[in-house]
1. Once a ≥ b ≥ c are taken as the square roots of the eigenvalues of the Cα gyration tensor of the stretch A:211-338, is the result rounded (a/c under 1.5), prolate (a/b larger than b/c) or oblate (a/b not larger than b/c)?
2. Could you give the distance between the Cα centres of the stretch A:66-102 and the stretch B:183-222, to the whole Å?
3. Go ahead and collect, in residue order, the members of the stretch B:86-108 whose backbone nitrogen is under 14 Å from a label point 7 Å along the Cα-Cβ direction of B:Lys210.
4. Can you classify the stretch A:3-193 as rounded, prolate or oblate using the Cα gyration tensor, where a ≥ b ≥ c are the square roots of its eigenvalues, rounded means a/c under 1.5, and otherwise it's prolate if a/b beats b/c and oblate if not?
5. Please express the shape of the stretch A:58-123 as an equivalent ellipsoid: the semi-axes are the square roots of 5 times the eigenvalues of the C-alpha gyration tensor, given largest first in whole angstrom.
6. How much of the DSSP bridge set in the stretch A:15-145 is antiparallel, in percent, rounded to the nearest 5?
7. Give a quick list of GluC sites (Glu not before Pro) in the stretch A:237-339 that DSSP marks as loop, anything other than H, G, I, E or B, with at most 13 other Cβ atoms within 10 Å.
8. Which distance in nm do the two modelled labels at A:Ala129 and B:Val30 give, with both placed 7 Å along the Cα-to-Cβ direction?
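Bear in mind these aren't lab numbers, they're just calculated from the coordinates by the rules spelled out. Note that the coordinates shown come from a computational prediction; the quantities given were computed from them, not determined experimentally. Cβ coordinates were reconstructed from backbone atoms using ideal geometry, including for glycine residues, and neighbour counts include every protein chain displayed.
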Amino acid sequence: MSFEDYKGIFVFVQQVDNKVNNVSFELLGKAKELAKDMETEVTAVLLGSKVSNLCDELAKWGADKILVVDDPRLEPYTTEPYAYCMNYIIKNYKPAVVLYGATAIGRDLAPRVSARVKTGLTADCTKLAVDSETKGLRMTRPAFGGNIMATILCPDHRPQMATVRPGVMKKAEPQAGRKVPVETVNVKLTDAQKTVSVVDIVKNITNKVDIQSAKILVAGGRGMKKPENFKMLRELADVLGGEVAASRAAVDAGWVEKDIQVGQTGKTVRPKLYIACGISGAIQHLAGMEESDLIIAINKDAYAPIFEVADYGIVGDALKIVPELTAKLKEAVAAKEAV
Amino acid sequence: MNIVVCVKQVPNTNEVKLDPKTGTLIREGVPSIMNPDDKAGLEAALELKDNTGAHITVVSMGPPQADAVLREAMAMGADDAYLVTDRAFCGADTLATSTTIAAALKKIGKTMKIDLIITGRQAIDGDTAQVGPQIAEHLGIPNVSYAQDIKVDGDTVTVKRQFEDRYHVVKAKMPCLVTALGDMNKPRYMTPGGIFDAYRENEVKQITRKDLDVEDTQIGLKGSPTRVAQSFPKQLKGKGTIVTPDGADAAADYIVARLEEKFII
């Protein structure tokens, strides 16, 4: 294998129901930065059935070129047809880097591909950079439940592959109307790749909020004491136009649903404002929210680790402070509107 | 039906603490446990055994002390246990690990037909979720990840496969590999009789380097495409201002003032 043959950064575009997952746009943004340092281009790899309408969006968010495989066997997602396509594309186009979102699809597909191509794969990265000397990819990820960070290299194998946590990388400035080359790849899928069959698809019917897209989050932890007390967080969030999130302790206690959990085993968030109420701040939690622009923490324990990342730490009882705060904010907002 | 469940012994990362002075991990006194997702996978296998009858083999790759999780699995109801252990396997990343485990499963597969392989989705020390799908790739069988439920009917396994916003009901012909989510069930406790048998009667069979049909370049550090260049304690962004206001009223005033300063309200 000659390294010079392997060029370009490929991003696996995750689309479901003809909608591109946000993490794919984030990856295109990051790939654009990396491509500058590697002096190469960003190629979006779009797999699915009747998906070519998505190409303009990919160009807008940073793809320099798009490879499309359009085949009915790619809907809905199952592992083998996707792995077959990625393997075909890697063998024929020889990318230096392939990035996937660390989603329920990416974390299934990427390992299967890595074992087929026999290359390295770094999971759930939170930072990607180009080594200034070797031009290799430096992939940094949390390990040990978020207690330590490890920087991983893939020195002697190509492509270098990574899955990247959703919500961590920033999207590029959108360039509407940008046109880039689109190439349809004839992978020649057959029914032999249909090794499993999807007999039913059940979507979550609740209108669950996506805490990753919320600009303001009011999060509660063990210090909220009981599920009823999350109501006061909801009220505070409503005044601010935000959403409610929670620590693992509150989820494990059964007070709130897991889909609003922030942290290593939950979601990574970076809102403009994060108000942590009664959250002590286990390292696993901090890993999921410390990139927030402004962090306000309310906790009774002056030595709680949450204060290590808070811009403003208030030592006090969240159960008493939050209702006061909601009332005062209502007044302040009303006063502003009256002007 | 023969089911193989892959289990890993892991440090309980929930109990890992950082030394506040040096910022390094305090490893002493951190208990080792059976990885939670793997334990859920074992419970799913035990339920299949309860309902339809199955022979359950547990397999773990690790140092000699990983024997403990295999005994625990037998005390819960597994029938057979193999420890895949050798210094030659040390330093393996996920690719070399999955190659080693797949080779061990091929070896076990010579003595019995393996119908279903269950692994946990991911281990709490590495959180990669890679080894399950990679084992399936090496064995050339389908995999279904993120199982919320596993049912078997004849030669077909039906899996409730979880995604972020939906689940798929997926059917696959066995042999097949399924990765289990930790919250799919509540694993049973070991039984007193089971504990007695696991430690007094049953044996944990060992599989070492010489038992496996693999090249030296495929296992251990040599077989690992990835390298850890550096590891470091997580750097936190640093403390801001901490205040202890006199009462909830003053605290609320303080926060409102900060939010006004930052133009959030």
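1. On the way: a/c = 1.43, a/b = 1.38, b/c = 1.03.
The shape class here is rounded.
2. 35 Å
3. Taking a point 7 Å out along Cα→Cβ of B:Lys210, the residues of the stretch B:86-108 whose backbone N falls under 14 Å are B:86-88.
4. Values: a/c = 1.43, a/b = 1.25, b/c = 1.14.
Rounded, since a/c falls under 1.5.
5. On the way: eigenvalues 62, 51, 36 Å².
Over the Cα atoms of the stretch A:58-123, the ellipsoid semi-axes are 18, 16, 13 Å.
6. 50 percent
7. Values: sites: A:Glu243, A:Glu257, A:Glu290, A:Glu291, A:Glu308, A:Glu324, A:Glu331, A:Glu337; in loops: A:Glu257, A:Glu290, A:Glu291.
Passing sites in the stretch A:237-339 are A:Glu257.
8. Each label point lies 7 Å from its Cα, and together they span 2.4 nm.
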